[in-house]
Structure formats: structure tokens, C-alpha cells
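The values are calculated or read from the model by the stated rules, or taken from the named source; none is laboratory data. This is a predicted model, so every value here is computed, not measured. Cβ atoms come from the backbone with ideal geometry, glycine included; neighbour counts cover every protein chain shown. Side chains are part of the model used for accessible areas, which takes the heavy atoms of the whole protein and leaves out ligands, DNA and RNA. Shrake-Rupley method; radii C 1.70, N 1.55, O 1.52, S 1.80 Å.
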Amino acid sequence: MHSDGKKENGTHRAEKRHHQNALGVRIDNDSIAKQIALWTALGALFLIPFTPLVVINEFYFPFITGKAFFFRILVEIAAVAWVVLAFLDKEYRPRFSWIGMAAVGFVVWMFVADGLAPNAAKAFWSNFERMEGWVLLIHLLGFFLAAGAVLREQKKWRAWFLTSLSVSVIICTHALLQLGGSSAIHQGSTRIDASMGNSAYLAIYLLFNVFIALWLALTEKYSWLKWSLITLAVLEAVLIFFTETRGTVIGLVLALALAALLTAATAGKHTRRAAAGGFVLILLIVGSFYVARNSEFVQNNHVLRRVASISLNDGATRFTIWSMAFKGVLERPILGWGQEGFNYVFDKQYNPSLYRQEPWFDRAHNAFIDWLAAGGWPAFFLYVSLFGSAIVLLWRSSELSRPERIALTAALAGYAVHNLFVFDNLYSYVYFFAILSLIDSQVARPFERLEHTPELESADGVTYALPIASIAIVVLVWAVNIPGMQVASKLITALSSSPEGVSKNIAVFEDLAAHPSFAAQEIREQLVSFAGSIVQNPQVTNEMKSQVASLAISEMQKQVTAYPLDTREHLQLSYAYRVIGDSVNALKETQEAAKLSPGKEAVWIEMGATAWDQGNTTLAQQAFHKAYELAPQFTELAAYAAAGDIAAGDIQSADKVLLDAYGSLTVDSDILAAAYYRTKNWPRLIGLWKLRADAPGASAEAWFSLAAAYYTAGDNASAIQVIKEAVVRYPDKAALGASAIAQIEGKASSK
């Protein structure tokens with residue numbers, strides 16, 4: 001970096017003022033206050049790069065919440081310290097640039113959009129799973145302003161990014177250990193995630209670091225450090241492929257190609273030739289990989305196979321969700337649905353073709369569309385302007401060298417491509433705003449009015465500014481973070497086994513319910529799940545079962561009352577009612593959910609199951625058929641439709657559905673097994689279990705279930721014969737088989 005744009009201190013700073021203490025020692029008050037504020041700000045800012053290492057297992061969503069609270073606290077400290085510096089020294093005051101204006105405008109507009117969102121509380125505070133909301137945006141703006149002023153004035157931007165790269169070495173080491181099998185992959189797959197807990201989060205972290213390392217290497221005067229940075233960049237680029245995050249892989253390749261093109265267009269003769277050669281090499285590698293995408297070598301390697309699967313057909317789910325998002329934007333084109341409000345769009349505009357995908361999407365999996373849905377067209381244009389203003393001003397800056405411009409442009413381009421396929425996370429936001437702040441600090445110019453505003457008197461810095469700042473930091477940290485941290489910890493306690501038994505868990509849930517927090521939805525949903533497990537536990541007293549079930553219902557009623565347009569919460573309340581066997585109220589909630597999300601098959605299936613439990617077989621039949629009609633391409637839905645017919649006694653219609661969908665009347669399906677059992681259709685039930693038992697790799701449980709079907713049908717001889725055959729196949733089940741046969745023969749012990 002050529003310069004951080006810092007002016008000479010002597011011509012712009014007020015005269016230092018001094019006084020003597022009782023011992024006659026001269027004390028520089030201005031220096032004391034300023035130094036304390038400066039070192040506080042620098043300390044907090046230089047701890048931020050360590051955020052990716054933070055994992056707090058005692059918190060709910062340990063890979064996310066710990067990082068978020070750590071970052072927020074550091075930003076609050078840095079921002080308050082920066083404000084003190086700005087009062088004491090005009091050199092630290094905010095400056096004007098179009099990047100800064102776009103950033104402030106974006107955050108201000110989202111404040112308006114979030115305040116008018118269907119769920120304003122969640123829009124502002126988010127939840128434990130994401131830890132975003134407007135609270136994150138205002139912290140990012142605080143980071144942008146504080147880092148831009150302090151790191152500019154102290155010429156510490158390069159040191160800050162080198163610190164970040166040093167941390168990335170630790171992250172890469174963790175990732176390599178995961179590749180080698182020495183460390184577990186937290187997602188439970190082959191896709192490395194290091195301490196991020198999510199492979200996509202690691203991928204974008206590595207992508208930013210690739211270009212930051214190249215930028216610093218290209219401007220580094222020490223040969224050993226230059227080549228160390230280049231080596232690190234290569235390693236991180238390779239590791240991106242092992243995250244198997246296809247959007248980031250595309251972003252990396254396109255960013256490298258862009259960097260080569262920009263170099264070829266702007267560099268000297270020899271460098272242009274090398275850059276052009278690099279661009280051609282990238283094209284050859286990509287082209288060769290495309291030609292060989294179906295080869296045995298590629299298909300036998302899970303990493304290459306996943307990358308090779310990039311296609312328009314493979315992106316069908318993304319395109320469908322994007323289409324749903326645009327429909328949602330048409331309803332609220334100016335204000336959007338607020339942050340964390342995409343679930344309303346997903347529910348209302350749900351496309352039945354998504355049946356086999358995740359049941360609940362809270363993101364469009366495209367950051368640009370996410371902001372469009374969250375804050376309408378103004379938010380979208382402001383978000384895009386962050387990229388546009390940064391790149392334009394980057395290339396107009398005289399403070400940054402050509403290699404710096406190219407590397408930072410490539411980083412922003414790769415990030416933008418990544419964001420076309422993946423939503424943001426905490427540290428991708430941090431890097432984005434860090435680069436924006438860096439560019440802003442090189443091009444921004446002082447506000448004339450702020451320049452002429454007098455600096456705070458030296459004595460006042462110690463007497464007033466520092467004490468007020470200390471109080472402000474304590475209040476901010478406590479109000480913004482401590483309650484959430486306490487809840488994140490308590491929720492883990494509520495869900496964990498306790499030496500004191502279930503009563504302890506219930507007590508913690510009651511305490512959480514008594515003190516509503518921004519994570520109330522997650523707490524209440526976990527409470528419903530916990531209540532369901534407790535009610536099924538024979539070791540828990542009926543009194544405790546009633547206590548926890550009543551609490552779950554009461555809390556979910558509050559949730560539905562507060563947010564009546566949320567489909568998921570109506571279903572959660574339905575589950576809570578079903579826990580205590582209240583099928584009447586459970587059915588009402590599923591019907592409300594169906595009104596809010598009429599295209600969602602899972603809602604109709606839930607309605608059918610609830611109606612069936614209530615004994616309303618006609619409604620069960622209608623609901624199951626509705627699910628099938630929405631997406632007849634999914635044959636498993638045909639099984640539900642047939643089950644509804646069987647429940648209603650219309651066997652002829654059920655057989656037609658099965659023959660049309662499967663070409664057979666014997667179909668392996670849990671819902672059909674339940675239907676045959678409930679209607680006592682033993683021949684069909686036996687046929688289903690025979691199909692499962694005869695399947696390759698069938699489990700012992702399948703054979704014992706077949707025996708149970710024979711036994712229930714009254715065919716004891718066949719049941720015993722099946723058990724004997726199961727014991728031959730699975731010798732370790734001999735004791736279980738002997739016990740079952742004894743029971744069937746009426747010879748079981750009377751103990």
C-alpha cells in the first residue's frame with residue numbers, strides 16, 4: 001500500500017495542553033486520553049481477525065453465536081473508543097466518500113424496512129442460527145467507520161490484514177487436519193469446515209484470503225514474506241475446492257481470470273504477456289475439466305464430481321426459490337419483508353416442486369435477492385452500490401498501486417459471484433466491510449463542517465470523555481450481548497441431561513419462558529420438541545409430563561398470537577397439541593397453516609395425519625389427495641393419497657393410485673404400513689413387510705416386523721418360521737428370537 005492518506009500531524013492538530021499534578025509533574029492530558037482511546041480501539045480492531053477461531057460449545061449454535069457475540073463486543077469497544085478519538089482529534093473524524101454514503105444509506109434504509117417488517121423484533125435481532133438482523137448491520141457500520149479512521153490514521157491497514165492472514169494459517173491447518181482424518185468435520189460429511197462449522201462459510205473466508213494474500217505479496221519488499229504469502233494463497237485456493245462449495249469455486253476461477261485480464265490490460269509489456277498466458281491457462285484448465293467431467297477419473301473423486309455437477313439443471317432448486325422471491329417482492333417492492341422475513345415469502349409463494357428439499361428456507365441462497373426481499377428495491381440498489389462505488393473509487397484512487405487495485409477488484413468480484421449462489425455469513429460481511437473501509441480510507445475527504453468543529457479540551461478528555469465512554473461500553477456490551485449470551489447458555493442447559501433429572505430441564509425452560517428474548521421462537525420450538533420426547537418417556541411422572549406439555553402449548557400460543565402469518569409456528573403449535581392428544585386443536589392449527597401456505601405438501605400431509613388421528617377419515621383422504629395433486633411427480637405422495645383412500649375404506653381408489661404411480665399394489669411405505677395396520681388389512685401388511693425383508697441388505701428389524709405382522713394376523717406358525725429364519729441370518733439376535741417365539745407359544749416367563 002502506498003499510503004493511508006494521512007496528513008502531517010503538526011498542521012492539523014490542536015496544541016497539546018498540559019497541567020501539573022500535586023507533585024509538580026507535568027501531565028499531557030491530551031496524550032493520556034488519546035492514548036487510552038487509541039490503544040483501546042486498536043486492541044479491539046486487531047482482535048477482530050481472531051473471530052473465526054471462536055467456538056463456544058456451551059452456547060446454542062456454538063459455531064455461530066460465540067463468533068457473533070465476540071465480534072459485537074469488540075466493535076462496540078472499538079466504536080466508542082473511536083468516538084472519543086474523534087472528539088479529541090479532528091484527524092479521526094468521519095470523512096466523505098460515496099462508499100461511506102452508500103454504507104450509511106444502506107443501514108439507515110434497512111432500519112426503516114426492518115421496523116415495518118411483519119416480524120420487526122426478529123428483523124432487528126435475528127436468531128441464534130443466523131445472528132444477523134439490523135443489529136449486525138449497525139455493528140458492521142461501526143466497524144467500517146472505526147477501522148477506516150483508526151487504521152488509516154495509524155497506517156495499520158496492512159498490519160491488520162497480515163494479522164488476519166496469520167489467523168487464516170491456523171484455519172488452514174485445521175482444515176488440513178480434517179482432510180487427513182485427524183480432526184472431525186463438523187457437518188458430518190467430506191466437506192471441510194474448520195472452525196467455521198459450515199463448508200460454505202469456510203469457502204468464502206478462504207476466497208477473501210486468497211486475494212488479500214496475493215495483494216500483500218505483490219507489494220511486499222521482503223522476499224521471504226512475499227513467497228510465504230503466495231504459498232498461503234495457493235494453499236487456500238486448493239482448500240476452497242475441498243469445501244466443495246460450487247458457487248465459491250466459480251467465484252475463485254472467474255476472479256483469477258479477471259485478475260489476469262486486468263493485469264494484461266494495465267501492466268508493462270513482459271507482465272502483460274505473463275498475464276495473458278495465465279488467462280489462457282485458466283481457460284484451458286476449465287475447458288479440459290468440462291470435457292472430462294464425465295470421465296472415470298472425475299466421477300470417482302467426490303470433490304471433482306461435485307464441482308463437475310455444476311449445471312443449469314443442478315441449479316433448478318435455486319432458480320425456483322429465486323422466482324418465489326421475486327413474486328414476494330411484487331407484494332412489498334419498496335419496504336420488503338425485513339431481515340429474517342424470507343420465511344413469509346417462502347410460505348406464501350411455495351412451489352410444490354420443492355417437496356424433497358429442506359422444509360423451511362429462510363434465505364433465497366442469493367445475497368442480492370435476499371436484500372431485495374428484505375428491504376425492497378431501495379435496499380437492493382444500495383447493496384449493489386456498495387460494490388459499484390468501491391470498484392469505481394478503487395480505480396480512481398492515487399493512494400493504491402495497480403497490483404492492489406487488481407487484487408481488491410478480484411476479491412470483490414469473486415465475492416459477488418459467490419453471493420449469487422450462497423447467502424452471507426458473519427465473517428464474509430466482516431471482510432467485505434473491511435475492504436470497503438480500506439478503500440474509503442484512501443479516497444475519503446474531510447467534511448468541512450467537522451473540520452472546523454473545535455476539538456475537545458485536553459482536560460475534558462480525561463475528566464469527561466473517558467468516563468462517559470467507559471460507561472457507554474459497559475451499557476452497550478450488557479444490553480446488546482449479555483442477555484443473549486445467557487439465553488444461549490441456558491438453552492443448552494435446558495436441552496442437556498442433568499444429574500437432577502428432568503425437573504431441572506423443565507425449570508430452565510420455565511425460566512427462559514419467563515424472560516422472553518430475541519430467540520423466543522427457537523426456545524419455544526425446542527420446548528415443543530423436548531415436550532414430545534418427555535411425554536413419550538415412561539420414566540417421567542405424569543405430573544411432569546403435564547407440566548412440560550402445558551408450558552409448550554402456552555408458549556407456542558404466545559408465538560402464534562404474536563406472529564399469526566408464520567406457517568411454521570402454526571405447525572409447531574399443532575405438534576404441541578398432538579403431544580397431549582388434543583387432535584381437535586391440532587387440526588385447527590394445520591388448517592390455518594394450509595391457508596398461509598396452500599402449495600406446501602407437508603402442510604396437507606400434517607393435516608391428513610391429524611385428521612386421521614381424530615377419526616375424520618374423510619378429511620384425511622382429502623388432505624392426502626391434495627398433497628398428491630400438488631406434485632404428482634413425487635411417487636411417495638401417491639402412497640399418502642392411497643393411505644387416505646384406505647383410511648376412508650375406498651380400497652378400489654387406493655389400488656388405482658398405487659398401480660398408476662408404482663405399477664404394483666405392494667409398495668414399501670411407512671404410511672401404507674400404518675394404513676394397513678389401522679384398517680386390519682393383514683394380507684397387505686404382510687406383503688409390505690415381506691417386500692422389506694426380501695430386499696438386499698434388509699435389517700433384522702424388518703424380519704422381526706414381518707413376524708409381528710403374521711402374529712397380529714393370527715398366523716403364529718408363519719410368525720415362528722420367520723423368526724427362526726431371522727435368527728439364522730442374524731445370529732446375534734438369537735436371544736431376542738427365542739424370547740419372541742416363547743411369547744408366541746405362550747411359554748414366556750411369568751416374571
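Side notes on the structure shown:
- The chain: relative contact order in percent, alpha carbon pairs under 8 Å with at least 6 residues between: 14
- Within the chain, the proportion of Cα pairs with more than 53 Å between them is 23 percent.
- Radius of gyration and Dmax over the Cα atoms of segment 474-585, both given in Å: 14.6, 50
- Eigen-decomposition of the gyration tensor built on the alpha-carbon atoms of segment 435-509 gives equivalent ellipsoid semi-axes of 48, 20, 8 angstrom, largest listed first.
- For segment 157-244, the list of trypsin sites (Lys or Arg not before Pro) that fall in a loop by DSSP and count at most 13 other C-beta atoms within 10 angstrom reads Lys221.
- Neighbourhood net charge (15 Å Cβ-Cβ; Lys/Arg +1, Asp/Glu -1) for Glu132: -2
- Segment 354-374-segment 111-174 distance, computed between alpha-carbon centres (Å): 22
- C-alpha long axis of helix 482-495 to longest principal axis of the chain, angle in °: 20
- Members of Lys504/Lys545; Lys90/Lys155; Lys122/Lys490; Lys34/Lys221; Lys67/Lys558 lying beyond 22 Å, as alpha-carbon distances in this model show: Lys34/Lys221; Lys67/Lys558
- For segment 135-230, the square roots of the Cα gyration tensor eigenvalues, ordered a ≥ b ≥ c, give a/c of at least 1.5 with a/b no greater than b/c, which places it in the oblate category.
- Values of log10 I(q)/I(0), in the order q = 0.26, 0.27, 0.29 Å⁻¹, for segment 619-661 under a Debye, Cα-only, solvent-free model: -0.78, -0.84, -0.96
- Cut-off under 5 Å, modelled amide H: who pairs with Ile185 long-range: none
- Highest-first arrangement of 711-718, 546-553, where packing means the average Cβ count within 10 Å: 546-553, 711-718
- Accessible area in square angstrom per residue, the chain, 1.4 angstrom probe: 44
- Using alpha-carbon coordinates, inclination of helix 367-396 to the longest axis of the chain, degrees: 30
- Cross-link partners of Lys733 among lysines, defined as those whose alpha carbon lies under 17 angstrom from its own and excluding same-chain residues fewer than eight positions apart: Lys724.
- By average C-beta atoms within 10 angstrom, highest first, the peptides 414-426, 442-454, 482-494: 414-426, 482-494, 442-454
- Candidate aspartates and glutamates for bridging to Lys690, where Cα separation is under 20 Å - those fewer than 8 sequence places away on the same chain excluded: Glu636, Asp655, Asp668, Asp670, Glu701, Asp715, Glu725
- For the chain, the longest principal axis of the alpha carbon atoms and the long axis of helix 157-179 meet at an angle near 30°.
- Helical contribution to [θ] at 222 nm, DSSP H n ≥ 4, -39,500 (n - 2.57), averaged over the chain, rounded to 500: -23000 deg cm²/dmol
- Per-residue 3J(HN,Hα) values for segment 136-144, derived from phi via the Karplus relation 6.51 cos²θ - 1.76 cosθ + 1.60 with θ = phi - 60°, read 5, 4, 5, 5, 5, 5, x, 5, 4 Hz in sequence order (x marks Gly and Pro).
- Taking 13 Å as the straight-line reach from the Cα of Lys680, none of the aspartates and glutamates fall in range once those fewer than 8 positions away in the same chain are excluded.
- Of Thr712, Ala416, Phe509, farthest towards positive along the dipole that unit charges on Lys, Arg, Asp, Glu beta carbons give the chain: Ala416
- Within-10-Å neighbourhood charge of Val722 [Cβ basis; K, R +1; D, E -1]: 0
- For segment 213-226, the Karplus equation 6.51 cos²θ - 1.76 cosθ + 1.60, evaluated at θ = phi - 60°, returns couplings of 5, 5, 4, 5, 5, 5, 10, 8, 8, 8, 4, 4, 6, 4 Hz by residue, with Gly and Pro reported as x.
- Debye intensity ratio in log₁₀ form over the Cα atoms of segment 350-433, taken at each q of 0.10, 0.19, 0.21, 0.25 Å⁻¹: -0.33, -0.92, -1.05, -1.27
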